[in-house]
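Structure record follows, encoded as structure tokens.
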Ligand code: UTP
């Protein structure tokens, strides 16, 4: 049974500067809800209520978000927006959330190592704090089901285009079923030719406590960080690992373009925005000329050109 989740959220977020200079990227909102709230909700919807967030310098806003704010509650209480008052209370009472600080940002594997005393000898879920997965069955629940079937480490993966494999950690192995592999290879950002498959690690894992021994042996790798993919490759020597192709759509809000796409898709699905926002997008594209907008050479000025004027 998986009772605990670890959410690494200490990273610098350099790909999203300057927005992340003084605020956590995990707090970037998709419309009105911080990314990490979706992540915490996924853990809860998967039956987990004990959550450890790996936090760090400049990440206080995450703690404040999941805490009570009595002044705000007093302001909202008894006012017309009772739903928002209740929502504020719900957020501060979502789960049993614990925090630990990663003082030096030495990579994802090191962030997870900080959870060893909290998770002790139980298997646990890992959900990256900057990744949302939209799915019918919460994706962590999907991985828990596979873990319960096989009793081992499970890596959530998604199918990516062959020419994009070099952006991801990729798994390879023997097919157990349509969606499950017995993993034999793990490669971080391979070239298209070297890649063992087009199954990319999707920011969701069920890990056994054995991972901590592997992390202890993991050397600093790409970007001068301790990569979880490297630790998992060492884990393969001790125990078998399964990968599971998740059913759902993954959104990595850590890069600007994917963040924009996420915002647009979520807005088009929200009842109050769907119609006016779709109309706005259509009008905007028409005004710029769709083809010119796609090539970035529309008749209208780009924001940079407008700024220069
Ligand atoms: P990323 O590699 O996407 O985060 O890690 P980053 O390092 O903040 O990104 P860039 O490249 O500088 O833009 C995925 C998740 O793991 C956390 C991050 O906060 C993010 O939620 N993380 C990463 C840690 O908690 N500690 C680390 O040392 C690195």
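Looking at the structure I just gave you, is residue 37 modelled with pLDDT of 95 or more, part of a helix (DSSP H, G or I) and surrounded by fewer than 17 Cβ atoms within 10 Å (Cβ to Cβ)? Walk me through how you get there before you give the answer.
On the way: modelled with pLDDT of 95 or more: yes; part of a helix (DSSP H, G or I): yes; surrounded by fewer than 17 Cβ atoms within 10 Å (Cβ to Cβ): no.
Answer is no for this residue.
If only residues of region 199-230 that are assigned to a helix (DSSP H, G or I) and away from the ligand (no atom under 13 Å from the Cβ) are counted, the one that is nearest to residue 265 (Cα to Cα) is 230.
For region 161-175, how many residues meet the condition of being free of Cβ contacts under 8 Å to residues at least 60 places away in the same chain and surrounded by 20 or more Cβ atoms within 10 Å (Cβ to Cβ)? Outline the logic, then answer.
So the first thing to find is which residues in region 161-175 are free of Cβ contacts under 8 Å to residues at least 60 places away in the same chain, and the list is 161-168, 170, 172, 174-175.
This time we only want the ones that are surrounded by 20 or more Cβ atoms within 10 Å (Cβ to Cβ), so: 165, 168, 170.
Qualifying residue count, region 161-175: 3.
Taken over region 126-142, the criterion of being touching a strand residue (DSSP E or B) at 6+ places or on another chain (Cβ under 8 Å), more than 9 Å from the ligand (Cβ to nearest atom) and part of a loop (DSSP other than H, G, I, E, B) is satisfied by 135 alone.
Within region 250-296, if we keep just the residues that are within 16 Å of the ligand (Cβ to nearest atom) and part of a helix (DSSP H, G or I), the residue that is surrounded by the fewest Cβ atoms within 10 Å (Cβ to Cβ) turns out to be 257. Close contacts from region 2-13, counting a first residue that is within 23 Å of residue 153 (Cα to Cα) and near the ligand (Cβ under 10 Å from one of its atoms) and a second that is assigned to a loop (DSSP other than H, G, I, E, B) and at pLDDT 95 or above, with Cβ to Cβ under 7 Å and a gap of 6+ residues or different chains, come to 6/115; 7/129; 8/128; 8/129; 9/24; 9/59; 9/129. Has region 55-73 got at least one residue that is touching a helix residue (DSSP H, G or I) at 6+ places or on another chain (Cβ under 7 Å) and part of a strand (DSSP E or B)? Within region 55-73, one or more residues are touching a helix residue (DSSP H, G or I) at 6+ places or on another chain (Cβ under 7 Å) and part of a strand (DSSP E or B).
So if I check each of 216, 225, which one is modelled with pLDDT under 95, farther than 18 Å from residue 154 by Cβ and touching a helix residue (DSSP H, G or I) at 6+ places or on another chain (Cβ under 9 Å)? It would help to see each step written out before you state the result.
Details: 216 fails: modelled with pLDDT under 95.
Residue meeting the stated conditions: 225.
Count of region 16-34 residues, restricted to those that are within 12 Å of the ligand (Cβ to nearest atom) and not in a loop (DSSP other than H, G, I, E, B), is 4. Scanning region 106-125 for residues that are within 8 Å of the ligand (Cβ to nearest atom) and out of contact with any helix residue (DSSP H, G or I) (no Cβ under 6 Å at 6 or more places or on another chain), we see that the one that is farthest from residue 1 (Cα to Cα) is 106. Cβ separations smaller than 7 Å between residues 6+ apart or across chains give the following pairs from region 241-252 residues that are over 24 Å from residue 208 (Cα atoms) and modelled with pLDDT under 95 to residues that are assigned to a loop (DSSP other than H, G, I, E, B) and within 16 Å of the ligand (Cβ to nearest atom): 252/130.
I'm trying to understand the selection: among the residues of region 87-124, which are more than 27 Å from residue 14 (Cβ to Cβ), touching a residue at least 12 places away in the same chain (Cβ under 8 Å) and part of a loop (DSSP other than H, G, I, E, B)? Within region 87-124, 94, 95, 120, 121, 122, 123 qualify. Considering region 176-192, and only residues there that are assigned to a strand (DSSP E or B) and out of contact with any helix residue (DSSP H, G or I) (no Cβ under 6 Å at 6 or more places or on another chain), the residue that is surrounded by the most Cβ atoms within 10 Å (Cβ to Cβ) turns out to be 183. In region 181-204, the residues that are more than 22 Å from residue 125 (Cβ to Cβ) form Cβ pairs under 6 Å with partners that are in a loop (DSSP other than H, G, I, E, B) and at pLDDT 95 or above, at six or more places apart or across chains, as follows: 185/196; 198/160.
Within region 58-99, being touching a strand residue (DSSP E or B) at 6+ places or on another chain (Cβ under 8 Å) and modelled with pLDDT under 95 holds for 95, 96.
The values are calculated or read from the model by the stated rules, or taken from the named source; none is laboratory data. Every value quoted in this text rests on a predicted model; they were computed, and no experiment measured them. Backbone-built Cβ (ideal geometry, glycine too); neighbour counts: all protein chains shown.
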